[in-house]
Amino acid sequence: MIKELVHDEALLSTPCEAATAEDAPVAQDLIDTLASIDDAVCLAANQIGVTKAVIVYQDDNGAPHVMFNPKVLAGFAPAKVEESCLTHEEPVRVTRFAKIKVTFDELVDGQLKARRRDYTGWTAQMIQHMADHCKGKLV
């Protein structure tokens, strides 16, 4: 279901609770909402008013990928970049890593399965931005 974006800084700066398999509907709401916004590429659950650690991002082909409980373990090659955010008015400069190691859970057959992967470039930047949202960190 398409949800309204939240702009309340108090909610957005609240660290998210760990997500469970029962939060699968939140993931679908994120996918639906992301698809409804022109030029949007990633979204965190707290941006639709749900304080659960669930994110979605689109790959280069526009396919959505969901992560439950994402955590950036390590980052390599830091650089200052300018980012925009769907729930923040002005672009800001932040430090992001060109390559990251991430742990997250993936919903498989109704259960969360632990995953660990490396990401680079634009995908790494989106995941870092969304992981920050899950921690209640605003850009």
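Observations on the structure shown:
- Of all residues in the stretch 78-91, none satisfies being under 11 Å from the mean Cα position of the chain (by Cα), at pLDDT 95 or above and within 27 Å of Lys101 (Cβ to Cβ).
- The set of residues in the stretch 61-93 being closer than 23 Å to Asp23 by Cα and touching a residue at least 40 places away in the same chain (Cβ under 8 Å) consists of Val66, Met67, Phe68, Asn69, Pro70, Lys71, Val72, Leu86, Thr87.
Rundown of residues vs (1) of a type in the set (D, E, K, R); (2) within 25 Å of Ser13 (Cα to Cα); (3) in contact with a His (Cβ under 8 Å, 6 or more places away or on another chain); (4) open to solvent by less than 30 Å² (accessible area, probe 1.4 Å), yes/no style:
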position	(1), (2), (3), (4)
Val92	no, yes, no, no
Asp105	yes, yes, no, no
Gly110	no, no, no, no
Arg117	yes, no, no, no
Thr120	no, no, no, no
Ile127	no, yes, no, yes
Asp132	yes, yes, no, yes
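- Total residues in the stretch 1-40 satisfying the condition of being in contact with a helix residue (DSSP H, G or I) (Cβ under 6 Å, 6 or more places away or on another chain), open to solvent by 40 Å² or more (accessible area, probe 1.4 Å) and of a type in the set (Val, Ile, Thr): the figure is 1.
The values are calculated or read from the model by the stated rules, or taken from the named source; none is laboratory data. Since the model is a prediction, treat every value here as computed from it, not as a measurement. In this analysis, Cβ positions are derived from the backbone assuming ideal geometry, glycine residues included, and neighbour counts consider all displayed protein chains. What goes into the accessible areas is simple: the full protein's heavy atoms, side chains included, and nothing from ligands, DNA or RNA. Shrake-Rupley method; radii C 1.70, N 1.55, O 1.52, S 1.80 Å.
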